[in-house]
Amino acid sequence: MKKLRIGFVCYPTFGGSGVVATELGKALAEKGHELHFITYSAPARMGSLKQNLFYHEVHMTDYPLFDFQPYELVLASKMVEVAKAHQLDLLHVHYAIPHASAAIIARNILSDEGIDLPVVTTLHGTDITLLGKDPAFKPVIAYAINKSNAVTAVSHSLKRDTESLFGVKKPIHVVHNFICPSHFERPVDEQFRAAVAPNDEKIVTHISNFRPVKRVDDVLKIFARILKRIPAKLLLVGDGPERSRIEKFAEELGIRSHVISIGKIKNPVEPLLVSDLFLLPSETESFGLAALEAMAAEVPVIASNAGGLPEVIEHGKSGYLAPVGDVEAMANFALEILGSSDSHQKFKKAARERAWDFHLSGIVPQYEAIYDGLISQNDTTPK
Ligand code: GMT
């Protein structure tokens, strides 16, 4: 297809939406498209700047006049500036608030100047399932979705939620999240493994932003049940509002010495490669990128039967699903997987195979097809 100049807007953090956007941007740049990241700091997974990759920082000025700085407006102005300076063909924004709404403002400004700039919005989950329910945001999210030129969602579950919550009429394309297989082709760090599990205990891992939606309490309750039956360590990766409370809860449960909480790290692949099992008992999860990355590292997953997780994990094959909060069932499934080496190997192999269904090479062309549809539409629109 024609090489495009694309503006990418995302949260530059470790969160799933930022990770997906950054890896997608890098993959598109490798295919020859010109990618312009427009964010308030360099995306966490961007790495060093390569050919076709550009980063434009959105600077906030601290005016004493404002109690709250209007980031959305500064972002929209930056989008206009970059679109004109680099003759962008389209904007692809990740997360509805404030990225999609800012993009619609930018598109309208450019349209007044005779410049067409289609907007693709990718919905990632919390923008719909949490923020979307808040009346303080709902009308703006609905407007931004309806006015986008194309909308994608990372799972069928999120598409259904968006349609029912906002009554969106326009088609929503489902494009699943993906893995970059090359990230997982590296040796296991045996020193790290020995540091976490010095007596060859099983390593059970959870990675998240430690927000209430992740139900990290359940992670601990499941792990405590596992620990009663087999020697194990719980590796907690990530940070967030619940972390301190969770570490105290581990003390209350009498399992603190079996819990290793390493905080936020740039790349979760190292801890995943030493893991034996991954737990994701979230209240809701539009997709569960952390689960998919675990599977790519050959780690079976026990998760809640919520949101898009059943689209990723095959119950009884690459892991198990149980109702939200059913820690007893999740612990029993965990013990079944870890109980024998044969069963563990079977699940590990199936997890990896399943992850490969979400290979980057199958997903990137789906986004390119959406871009192509918009660009060809524009090419035939009489000016
Ligand atoms: O996991 C989070 O809470 C962060 C959040 C985000 O917006 O970065 O993740 C959401 O987007 C990810 C990438 O598409 C999905 O894999 C996560 O499932 C989704 N989180 C939730 O729906 C809670």
Using the structure shown, decide if Ser340 is at pLDDT below 95, polar (S, T, N, Q) and not assigned by TED's automatic domain parsing to the domain that holds His124. yes
Taking the stated definitions as given, is Leu117 more than 16 Å from the ligand (Cβ to nearest atom), assigned to a loop (DSSP other than H, G, I, E, B), in the same structural domain as Glu23 (by TED's automatic domain parsing) and modelled with pLDDT of 95 or more? yes
Given (1) in a helix (DSSP H, G or I); (2) surrounded by 23 or more Cβ atoms within 10 Å (Cβ to Cβ); (3) within 16 Å of the ligand (Cβ to nearest atom); (4) not charged (D, E, K, R), identify the lone condition not met by Ala27. (2)
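Okay, residues lined up against (1) exposed (fewer than 13 other Cβ atoms within 10 Å of the Cβ); (2) within 16 Å of the ligand (Cβ to nearest atom); (3) basic (Lys, Arg):
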{"residue": "Lys3", "(1), (2), (3)": "yes, no, yes"}
{"residue": "Ile6", "(1), (2), (3)": "no, no, no"}
{"residue": "Gly15", "(1), (2), (3)": "no, yes, no"}
{"residue": "Thr22", "(1), (2), (3)": "no, yes, no"}
{"residue": "His33", "(1), (2), (3)": "no, no, no"}
{"residue": "Pro43", "(1), (2), (3)": "no, yes, no"}
{"residue": "Met46", "(1), (2), (3)": "no, yes, no"}
{"residue": "Tyr55", "(1), (2), (3)": "no, no, no"}
{"residue": "Pro64", "(1), (2), (3)": "yes, no, no"}
Among the listed residues Gly18, Gly32, which satisfies the condition of being at pLDDT 90 or above and outside any loop (DSSP other than H, G, I, E, B)? Gly18
Which of the residues that make up the stretch 120-175 are within 14 Å of the ligand (Cβ to nearest atom), assigned to a helix (DSSP H, G or I) and of a type outside the set (Ser, Thr, Tyr)? Asp127, Ile128, Leu131, Gly132, Lys133, Ile141, His156, Leu158, Lys159, Arg160, Asp161, Leu165
For the list (1) more than 26 Å from Val188 (Cα to Cα); (2) open to solvent by less than 60 Å² (accessible area, probe 1.4 Å), I need the number of the one condition that Leu272 fails. (1)
Does Leu277 qualify as being open to solvent by 20 Å² or more (accessible area, probe 1.4 Å), hydrophobic (A, V, I, L, M, F, W, C), away from the ligand (no atom under 12 Å from the Cβ) and in contact with a helix residue (DSSP H, G or I) (Cβ under 8 Å, 6 or more places away or on another chain)? no
Residue satisfying condition, being touching a residue at least 40 places away in the same chain (Cβ under 8 Å), touching a helix residue (DSSP H, G or I) at 6+ places or on another chain (Cβ under 9 Å) and not assigned by TED's automatic domain parsing to the domain that holds His124, within set Asp200, Asp218: Asp218
Pair list, Cβ < 6 Å and 6+ apart or interchain, from the stretch 117-128 residues that are within 21 Å of Gly288 (Cβ to Cβ) to residues that are assigned to a loop (DSSP other than H, G, I, E, B) and within 8 Å of the ligand (Cβ to nearest atom): His124/Tyr95; His124/Val154; Gly125/Ser286; Asp127/Tyr95
Mind counting the residues in the stretch 129-148 that are among the hydrophobic types (A, V, I, L, M, F, W, C), in contact (Cβ under 8 Å) with a residue 40 or more places away in the chain and buried (at least 17 other Cβ atoms within 10 Å of the Cβ)? 5
Residue by residue through the stretch 176-199, note down the ones that are closer than 23 Å to Val312 by Cα, open to solvent by less than 90 Å² (accessible area, probe 1.4 Å) and not in a helix (DSSP H, G or I). His176, Asn177, Phe178, Ile179, Cys180
When residues of the stretch 365-383 are limited to those that are in contact with an Asp or Glu (Cβ under 9 Å, 6 or more places away or on another chain) and surrounded by 14 or more Cβ atoms within 10 Å (Cβ to Cβ), the one modelled with the highest pLDDT: Tyr371
Determine which single condition Glu298 fails, assuming it passes every other condition in (1) more than 12 Å from the ligand (Cβ to nearest atom); (2) in contact with a Pro (Cβ under 9 Å, 6 or more places away or on another chain). (2)
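The values are calculated or read from the model by the stated rules, or taken from the named source; none is laboratory data. Predicted, not measured: the structure shown is a model, and the values here were computed from it. Cβ sites come from the backbone with ideal geometry, for glycine too, and all protein chains shown count toward neighbours. Only protein heavy atoms, including side chains, enter the accessible area calculation; ligands, DNA and RNA are left aside. Shrake-Rupley method; radii C 1.70, N 1.55, O 1.52, S 1.80 Å.
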